[in-house]
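This report concerns only the one structure given below.
The values are calculated or read from the model by the stated rules, or taken from the named source; none is laboratory data. Source: prediction; values computed, not measured. Reconstructed Cβ throughout: ideal geometry from the backbone, glycine too, with neighbour counts over all protein chains shown. Just so you know, the surface numbers come from the protein's heavy atoms only, side chains and all, with ligands and any DNA or RNA stripped out. Shrake-Rupley method; radii C 1.70, N 1.55, O 1.52, S 1.80 Å.
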Amino acid sequence: MKLGSLRWLLIVIGLHAALAYPVESVIAEQGTRVENLSATIRKAGAWLGPSADFEVVGRVAWLLGGDNTLLDLGSGKRILPKGFVVHAFARTAEGTVAVITENVLGIITRGVFLPTTRLPFGNMRVAAGPGESLLLFGGPQDDQHLIRYDGERHATLLRVSSPIGVVTHAAKRIFLTAGNKLYTVRPGESPALLFLFPDGSEITGLAVNTRKGEIFVATADAVFALDRGVAEKKLAGLGGRLQWRDGYLYVLDPVHSIFARVRFVGNGN
């Protein structure tokens, strides 16, 4: 079988999985609305691999698919030219789009990638940081680095002995996961362990509702809200990547090929 045929076969399998696993199969606590947005992924012809990621800003949703293509889910169009490989991306609060490709960090300006700096490790990823800064993370499996980059200077904020999974921030406080651990750190402070899941669990998603100070974490098949050191299960049968935007929790589940928007009704979000 040719590679092209195999790729399309994988896409068809992924689309079938999305159709075969309805959002109604998700178990949610009372007062929660789960809206299935997966049709936007199918319409764009995207394939969700294990490293799929997304960003929602206003009514615009961008998806990094399993084939390392960056797509606008609204139009279904590529953000960058065909064949351009994107390993990671992030959007800052001011709208700057940062992209990592082949160990190089750059920004997108009018559909053009402008390289800015070569990265110290080949497996680095990027997340938006406080202000217009970027948070870069990666490195050797047993010596992972979290680095703050402001466009001119790099500063290492944290080094951990487990692979860093997800990074986000609320104001100047940064949150990151490593395996089953959730850490928090601020520039100039020592990191603190915020939460520890049971051994064997892996945190795959992380989001913060800054208005209420709520922290949401996800495993491969569940979403939890952390409150005073206790994890309260909010969703079962749905997990993966998380993002909080404008009163909604967005969930990208590559296992079930689901993209959903969740509203927790009546809790002041």
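Pick from the range 27-59 the residues that are over 19 Å from Gly76 (Cα atoms) and not polar (S, T, N, Q): which of them is nearest to the chain's Cα centre (by Cα)? Across the range 27-59, the extreme among qualifying residues is Pro50. Take the range 183-215 and flag every residue that is among the aromatic types (Phe, Trp, Tyr) and over 23 Å from Ile147 (Cα atoms). Phe197 - this is the single residue of the range 183-215 that is among the aromatic types (Phe, Trp, Tyr) and over 23 Å from Ile147 (Cα atoms). The residues on offer are Ala207, Ala260, and the sole one that is in a strand (DSSP E or B), modelled with pLDDT of 95 or more, closer than 29 Å to Ala155 by Cα and of a type outside the set (D, E, K, R) is Ala207. Kindly provide the set of residues from the range 220-245 that are in a loop (DSSP other than H, G, I, E, B), free of Cβ contacts under 8 Å to residues at least 60 places away in the same chain and surrounded by fewer than 20 Cβ atoms within 10 Å (Cβ to Cβ), ordered by number. Ala220, Asp221, Arg228, Gly229, listed by residue number. Out of the range 140-169, which residues are in contact with a Lys or Arg (Cβ under 9 Å, 6 or more places away or on another chain) and under 20 Å from Thr117 (Cβ atoms)? Selection gives Gln144, His145, Leu146, His154, Ala155, Thr156, Leu157, Ile164, Val167. Which condition does Tyr183 not pass, out of (1) in a loop (DSSP other than H, G, I, E, B); (2) farther than 26 Å from Thr40 by Cβ, if it passes all the others? Tyr183 satisfies all of (1) in a loop (DSSP other than H, G, I, E, B); (2) farther than 26 Å from Thr40 by Cβ except (1).
Of the candidates Ala90, Ala61, the single residue that is outside any loop (DSSP other than H, G, I, E, B) and touching a helix residue (DSSP H, G or I) at 6+ places or on another chain (Cβ under 9 Å) is Ala61. Scanning the range 139-185 for residues that are in contact with a Phe, Trp or Tyr (Cβ under 6 Å, 6 or more places away or on another chain), open to solvent by 10 Å² or more (accessible area, probe 1.4 Å) and not β-branched (Val, Ile, Thr) yields a count of 1.
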